[in-house]
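Chemist: This is the structure, below, for whatever I ask next.
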Amino acid sequence: TAAKLRLPMAAIRQPESVVGDLCEGLDVTRQTLCRHVSPR
């Protein structure tokens, strides 16, 4: 959902963010996260 995407979209821009932690927190795979949220 759009609400679930707001946090990782903001967090992934931070240099200290760890993709694995974001995935675990959202209960999604790395592939799913990268498909919906890009660091660019």
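The values are calculated or read from the model by the stated rules, or taken from the named source; none is laboratory data. Predicted model, so just to flag it, every value in this text is computed and none were measured. Every residue, glycine as well, gets a Cβ built from its backbone with ideal geometry; the counts of neighbours run over all protein chains shown. For accessibility, only protein heavy atoms count, side chains too; no ligands or nucleic acids. Shrake-Rupley method; radii C 1.70, N 1.55, O 1.52, S 1.80 Å.
Chemist: Just how large is the dipole of the chain about the Cα centre, in debye to the nearest 20, putting +1 at every Lys and Arg Cβ and -1 at every Asp and Glu Cβ? Mind showing how you got there, number by number?
Modeler: Numbers: 6 positive and 4 negative charges, 54 e Å.
The calculation lands at about 260 debye.
Chemist: Accessible area per residue of the chain at 1.4 Å probe, in Å²?
Modeler: 81 Å²
Chemist: Further question on the same structure: Taking all protein chains as present, what is the carbon and sulfur share of the accessible area of the chain, in % to the nearest whole number, probe 1.4 Å?
Modeler: 56 percent
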